[in-house]
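Worksheet for the structure shown next.
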Amino acid sequence: MSDALHQPPHQPTGEQTPDPMAGHEALHIDRYESLWIRISMTTLAVFTVAVIYASTAMGIQLPGMHMRLDPRVVATPGMSLFAEPKVTQIGDGEYEAYIRAQAQPWIFTPSEIHIPVGAKLTLYITSQDVQHGFHIDRTNVNVMVLPGQVTKTAARFDKPGVYNFICHEYCGIGHHTMFGQIIVETPEMIAEATATAEAEVALATGVGNPEKGQARFALCAGCHGLGGEGVKGLGKPLVDSAFVAGRTDAELVAFIKQGRALDDPANTSGIAMPPKGGNPALSDGDLLDIVAFIRTLQTQ
Amino acid sequence: MAVQNLTMPFAGQAAVPVTPTQADLAFTHRLAGWNIGIAISALSIGVTLGVFQGLEHAGINLYSWLIPLNIQSYYQGLTLHGVLNALVWTTFFIVGFFTYALVHSLNRPLRYPQVNQAGLIIMGVGLLMAAVPILLNQATVLYTFYPPLQAHWAFYIGLTLVVVGSWVVGYGFFFTLYAWRKEHPGERQPFIALTIAITMAMWQIATIGVAIEMLGLLIPWSLGLVAGTDPLLARSLFWFFGHPLVYFWLLPAYISWYGMLPKQTEGKMFSESLARLAFWLFLLLSTPVGFHHQFADPGIPPTWKFIHSLLTMGVGFPSMLTAFTVVASLELGARARGGKGYLGWVRRLAWGDPSYAAQNLAMILFIFGGIGGLINASYSLNTTVHNTTWIPGHFHLTVGSATTLTFFGICYWLIPALTGKKLFTKGLALAQAWTWFFGMLFFSNGYHALGIYEGAPRRSMLGAAPYATAAWQPYLVETLFGVTLLLISAILFFTVVIGTTLSWRKLDKAITMPIAEPYDPAAPIPTWLDRWGPWLYGAIFLTLASYGPMLFNLFYHMQLTSPGFKVW
């Protein structure tokens, strides 16, 4: 552009002043600028075509109008499709799940969904309280979950494994603990899972490993502090805790699995403890390890 | 002149031009100074909390330090970070900068100074009202305040007053420009004054959405006058406002880049016609694009989302125009300073001037911000980035860099101009600009990557998230490195501001506002680029066409069924 820039195109020389009305409404555009405008418009046009192609030919679908409901009764049994956790097979390799998002404790119900590999899963999601988000790891499912609205979305799972679904909209003080899992299983894994479940029952009557438990405790540390010393306004101290001392391992595991709701009269902390501390992936064996670690914090 | 019949309505009734007296200027400068002082104070708290967030994400939780200050959680800190930086710092700075620039661009005092003063007072009262519940942990709802999270009513009324105050300031500007036009029949409106008025007009249209949300839904609901609210309707009204809000942050930076920065590097405004066209296009296209923030929402038909996605591509166009015109204007300067070659001239830009350097660096970061913005607004690509850390990565390049770093650059001539003191010091200010540039580069790169590769959610207490994996760690360390540079940069900025204000070294000669002259003063500017009617009515029409049917639908089917929740 350097040549064009050396001389202004309109030198104020008097006699060359254009007729006042000619060019009066026309926009003067520099040669290079005009080239740039064409490049810009072409770029934006290409993007537009790409977006149209992706959303039609490639079938990318965004949530739209599905269904509205009254958020106040979403969790009430008998009044809502979302009251009980529900995952059903609706066809060959096709499943659907109704998921209810909730704050305090911050959980999805159901928080664990098992489907066989290759299945297509259709999800209906709503909230019983505030706004939430829903993003399944490694998929294009990334939607908002609003009270009063049902979000419909779907994904096919061709690879076995564990897919986290995470709440990605701020929903209160426990937002970052809110997630669930879709476990996509091969037939062998389904058989193995049954065996593991039996092993875990046996484990639950045994003794945990405090070292493994300490590693797992990192999650609990968010509220209870890294050394179990407690965090004011969040989790109670677990060091030299009379509550811990007064219960068996099995009782403590059962307690952690259930958590402590805010409306529980025994709740004295003013904040809910979510089931399994908010990590639905913890097995009974893991919880037993955590309990074993908590036992090491009791010095008396 | 080719522009005689521009302002026919005023022909034959020209008033005597008024120029500002010393007292007028002193008043204007005091108003601007108060606004900018409040803005910078808010920013000092806002950025400090950002440092705590960066540390928390990398596994270093220092929030216990903040408990004595009654900041009880990550999310209360995050609310302060968002409200103070994105709403208070920007709005107050813009109002202060505009007050100064309008008067100096027109060389005319404010028509009704009391109106502008009243606007500032309303904004200030609103800020205090909103700040108290946030500091008392009664409004930990983040800066988007999505219901049915329910803050204390004072938070909503306070923010509403900030907006109302900014309207009043805008009216003060409109009266002043109108008076100038009456006094100067046949003259075209000066570029800076015109673009300030366009920005404030766009703001008037945009804020209607949030005003309806506040007055119609949230305030009666938080006062207990109605039992419930409609979250989807509230979101839609918020984003009616939320996207043009982005342009409200950006256009003041554009005004400086087009109208002032060329002067600071001895350049000239390359093409004044296209510069004006860009601003009119922003007025036209800023608002009818908001559904691209709601691609992931249920209850909004995909067709509307798609239309808004296409219109968003349209609003990309004036930004691309800006890229050419501004760079050409700066190149003129670099060549006048002896620059040679296809790209070699870049070295001859006024890099030694911190005000110039900061703004040029801001532009470079905005290139990446703009590209990311097109991805976010693409109907099909949004699902890969929606509500991941990619999004804050993006807007730290736009509002956090293009806007904020440009405002820092403006401060480096404006604060000496307002205080009559020498900048303390050029070296510190230059170091500030460069550390901010690299800090944001690393910070936002880490956030973009973490969002798109790992799907890490935005505005989450990631350091305590049970689903965080070891794969996130490198990105979080990268962001922490960026945060460290940003902390150094912020300390430098506040040192320069406080040092300049308290300095005893007076300026040798008064600093005046840099005003870029047109490169080709004789080039005719079409009358349709100086006329308000078509653009303003066009903007109102497009907004009604793109929002009217869906908003009507949402209001018609409104369900006030969501009670409020305080779950923090």
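The values are calculated or read from the model by the stated rules, or taken from the named source; none is laboratory data. Every value quoted in this text rests on a predicted model; they were computed, and no experiment measured them. Here Cβ is always computed from backbone atoms with ideal geometry, including for glycine, and neighbour counts include all displayed protein chains. These accessible areas exclude ligands, DNA and RNA; they are computed on the full protein's heavy atoms, side chains included. Shrake-Rupley method; radii C 1.70, N 1.55, O 1.52, S 1.80 Å.
Some points to look at:
- Subset of segment A:126-153 [without any contact (Cβ under 8 Å) to a residue 40 or more places away in the chain, more than 8 Å from chain B (Cβ to nearest Cβ) and either of a type in the set (Val, Ile, Thr) or open to solvent by 50 Å² or more (accessible area, probe 1.4 Å) (or both)]: A:139
- Checked against the criterion of being under 23 Å from residue B:316 (Cα atoms), open to solvent by less than 10 Å² (accessible area, probe 1.4 Å) and more than 13 Å from chain A (Cβ to nearest Cβ), segment B:335-353 contains not a single residue that satisfies it.
- Screening the candidates B:399, B:385 for the property of being of a type outside the set (Asp, Glu) and either over 28 Å from residue B:460 (Cβ atoms) or within 16 Å of the chain's Cα centre (by Cα) (or both) yields one hit, B:399.
- Checked across segment B:217-239, the condition of being in contact with a Ser or Thr (Cβ under 8 Å, 6 or more places away or on another chain), over 23 Å from residue B:532 (Cα atoms), among the polar types (S, T, N, Q) and in contact (Cβ under 8 Å) with a residue 12 or more places away in the chain holds for at least one residue.
- Residue B:387 vs. criteria touching a His at 6+ places or on another chain (Cβ under 6 Å) and farther than 26 Å from residue B:95 by Cα: yes
- Residue in segment A:171-178 that is more than 14 Å from chain B (Cβ to nearest Cβ), of a type in the set (Gly, Ala, Ser) and outside any strand (DSSP E or B) present: no
- Residue within segment A:68-83 that is aromatic (Phe, Trp, Tyr) and in a loop (DSSP other than H, G, I, E, B) present: yes
- From the list B:495, B:543, B:500, the one residue that fits, being assigned to a helix (DSSP H, G or I), more than 10 Å from chain A (Cβ to nearest Cβ), among the hydroxyl-bearing types (Ser, Thr, Tyr) and touching a Ser or Thr at 6+ places or on another chain (Cβ under 6 Å), is B:543.
- Where a residue in segment B:519-533 is more than 7 Å from every other protein chain (Cβ to nearest Cβ) and its partner, wherever it lies, is among the charged types (D, E, K, R) and open to solvent by 30 Å² or more (accessible area, probe 1.4 Å), with Cβ under 6 Å and at least six apart: B:530/B:188
- Where helices (runs of 4 or more DSSP H) sit wholly within segment B:244-350, those with at least 2 residues that are among the β-branched types (Val, Ile, Thr) occupy B:302-336.
- Hits in segment B:97-154 - residues which are of a type in the set (Val, Ile, Thr) and assigned to a loop (DSSP other than H, G, I, E, B): B:140, B:141, B:144
- A residue that is touching a strand residue (DSSP E or B) at 6+ places or on another chain (Cβ under 8 Å), surrounded by 18 or more Cβ atoms within 10 Å (Cβ to Cβ) and at pLDDT 95 or above occurs somewhere in segment B:494-510.
- Checking the stated criteria, residue B:42 turns out not to satisfy the condition of being surrounded by fewer than 22 Cβ atoms within 10 Å (Cβ to Cβ) and away from chain A (no Cβ under 14 Å).
- When the residues of segment B:47-102 are filtered to those that are within 14 Å of chain A (Cβ to nearest Cβ) and of a type in the set (Ser, Thr, Tyr), the one that is nearest to residue B:246 (Cα to Cα) is B:79.
- Every residue from segment A:163-185 that is among the polar types (S, T, N, Q) and either open to solvent by less than 10 Å² (accessible area, probe 1.4 Å) or free of Cβ contacts under 8 Å to residues at least 60 places away in the same chain (or both): A:164
- Residue match in segment B:464-482 (condition: closer than 30 Å to residue B:265 by Cβ, part of a loop (DSSP other than H, G, I, E, B) and away from every other protein chain (no Cβ under 14 Å)): no
- Within segment A:90-121, tally of residues that are in contact with a helix residue (DSSP H, G or I) (Cβ under 7 Å, 6 or more places away or on another chain) and more than 14 Å from chain B (Cβ to nearest Cβ): 0
- If the condition is being in contact with a Leu (Cβ under 6 Å, 6 or more places away or on another chain) and touching a residue at least 24 places away in the same chain (Cβ under 8 Å), then segment B:460-494 contributes B:475, B:492.
- Filtering segment A:89-109 to residues that are open to solvent by less than 30 Å² (accessible area, probe 1.4 Å), touching a residue at least 40 places away in the same chain (Cβ under 8 Å) and touching a Gly at 6+ places or on another chain (Cβ under 7 Å) leaves A:103, A:105, A:106, A:108.
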